[in-house]
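Below: one structure, written as structure tokens.
The values are calculated or read from the model by the stated rules, or taken from the named source; none is laboratory data. Only a predicted model underlies this, so the values are computations on that prediction, with no experimental measurement involved. Virtual Cβ from ideal backbone geometry, glycine too; neighbours counted across all protein chains shown. Please note that ligands, DNA and RNA were not included when accessible areas were found on the heavy atoms of the full protein model with its side chains. Shrake-Rupley method; radii C 1.70, N 1.55, O 1.52, S 1.80 Å.
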Amino acid sequence: MSDFAAIVLAAGKGTRMKSDLHKVLHPIAGRALLDHLLASVAELEPARTVVVVGDKAEQIEAAVQGRADCCLQEPQLGTGHAVQQAEAALAGFDGDVLILYGDVPFVRPETMRRMLDRLHEADAPPCVVLAFRAADPGAYGRVISEDGRTIAKMVEFNDATAAERAIDLCNSGMMAVRAQDLFALLRRIGNDNAAGEYYLPDIVMTALGDGRVSAWVEADEAEVQGINSRAELARAEAQWQAARRAEVMADGATLVAPETVFFAFDTRLGRDVTVEPNVVFGPGVSVADGATIHAFSHLVGATIGADCSVGPFARLRPGAVMEKGSKVGNFVEMKKAVLGEGAKASHLTYLGDAIVGEHANIGAGTITCNYDGYFKYKTEIGPRAFIGSNSALIAPVKIGADAIVAAGSAVSRDVGDGDLRMVRGEQIVKPGWADRFHDAMKKKKAAAKDKG
């Protein structure tokens, strides 16, 4: 494939989203719409990538910093006008140009490659339009083709005849164009339409007027789905999740109730992983072979080793690492902590900024006190240590190998290997005190009742 540049249009106001966040920065599966698209483009290694910005330009410029050049469209006078704004950024570039939309995130790299490859077939079309067959063509522009390969006519719905409206081959708006043609053709299109805008598809008809016939390639309708509202965002999320669930099951993971499990764009599951109902994976999670994620658990930025057990009702935050065969149970939270091989924290525990050695046991109600309001501190627990229930480990502190911390202890100094640390107040016993207390209070209550 020859060198190509990508122009991504992201200047629109997105008013139907009703948001202070630019439309293309809203997430699906934990990744912004624009980032989904840029990641797909990046797989093809473009020579240049240009994002055309307009409304909320500063948000997009910050989001794409270092990955693309940005150019401003102001005022916004249509898609053709938007592409023209990239001319300076592509000065001296003579490869092909792929034109995409920031709110159409799911175009596959393979589809982009087919568009670019079609430019270099024997008939050398000036433009290649990405078309699709719509279940409900509605108000889409139509692509009229007489031979199944080239474009005889492109027509907007409002200008189409009844026969043309009956055609289900629709224009996605995306195209690949020979660089030497793109800006020359754009300079020739007009804005003689109801909106007074310059439309990108008009270059196809302008080239056809010169006797140069453009071509089209077809994509699935779901691949070219545009997102303009919260409802469409939700539908796209559902579509993405359904496809991902099917993929992970085909790859050897078990989802007990697939429709209740939600993945992030980069979730990785190994073979024979079991995921119970109502589990949410945020970005940055990998789960190794044979692990089980029990119901109602939430994982973000966590690494789960082979044969581990998580939950139910567990929360793993960024930096949580569970080594082979370790276990966290119900209402356990981990953050920036390593749970060694075979170690376990079965219930009601917080492990933050901690390292737990292999086969250590963390009792119910244990917390690592890692924050003093200004700085974070580390807790280190040695191999095979036993931490009794309701213990507070006040960092920075080290618990040695095979050590025991007695239940109810607040530990603020290091514990040596094999030592027992018990931190409890003296238990005072006063025989009969409770009986005397109850008798006195009952008499006092009766007296108060008589006076009332």
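Among the chymotrypsin sites (Phe, Trp or Tyr not before Pro) in segment 367-452, those placed in a DSSP loop whose Cβ has at most 11 other Cβ atoms within 10 Å are 374, 375.
What percentages make up the Cα-Cα pair-distance distribution of the chain when the bins are 10 Å wide from 0? P(r) for the chain, in whole percents per bin: 4, 17, 20, 16, 14, 11, 8, 5, 3, 2, 0, 0.
Which trypsin sites (Lys or Arg not before Pro) in segment 368-452 pass both tests, a DSSP loop state and at most 11 other beta-carbon atoms within 10 Å?
Answer by residue number: 413, 424.
In straight-distance terms, cross-link reach from residue 398 covers every one of the lysines whose alpha-carbon lies under 16 Å from its own, apart from those fewer than eight places away in the same chain; here that gives 376, 378. Using the Cβ of residue 124 as centre and a radius below 11 Å, the other residues enclosed give a net charge of 0, where K and R count +1 and D and E count -1. Beta bridges assigned by DSSP with both partners in the chain are antiparallel in approximately 20 percent of cases. Label segment 345-385 by shape, choosing from rounded, prolate and oblate, from the square roots a ≥ b ≥ c of the eigenvalues of the Cα gyration tensor; if a/c is under 1.5 it is rounded, and otherwise prolate applies when a/b is larger than b/c, oblate when it is not. Verdict is oblate for segment 345-385.
Annotation: peptides 162-173, 204-215, 315-326, ranked by per-residue average of other Cβ atoms within 10 Å with the highest first, follow the order 315-326, 204-215, 162-173. Computed on the Cα atoms alone, the convex hull of segment 359-452 gives a volume of 152 cubic angstrom per residue. Under a model in which nothing but the beta-carbon of Lys, Arg (+1) and Asp, Glu (-1) is charged, segment 99-164 shows a dipole of about 200 debye around its Cα centre. Computed extension length for residue 238-residue 222: 4.6 nm, one decimal, from 0.36 nm per residue of separation with the Cα-Cα distance subtracted. Classification of segment 313-414 by its C-alpha gyration tensor yields a rounded form. The axis ratio a/c (a ≥ b ≥ c) stays under 1.5. Counting Lys and Arg as +1 and Asp and Glu as -1, what is the net charge of the other residues whose Cβ lies under 11 Å from the Cβ of residue 180? In short, -2. Mean separation of Cα pairs under 8 Å and 6 or more residues apart, divided by the residue count, gives segment 1-148 a relative contact order of 31 percent. Rolling a 1.4 Å probe over the protein heavy atoms leaves residue 331 with an accessible area of roughly 120 Å².
For segment 68-77, 3J(HN,Hα) computed residue by residue from phi via the Karplus equation (6.51, -1.76, 1.60; θ = phi - 60°) reads 7, 7, 10, 9, 9, 9, 8, x, 9, 10 Hz, glycine and proline entered as x. Looking at segment 35-117, the trypsin sites (Lys or Arg not before Pro) that sit in a DSSP loop and have at most 16 other Cβ atoms within 10 Å of their own Cβ are 67. Among 100-111, 266-277, the peptide with the highest mean count of other Cβ atoms within 10 Å heads the list, and the full ranking is 100-111, 266-277.
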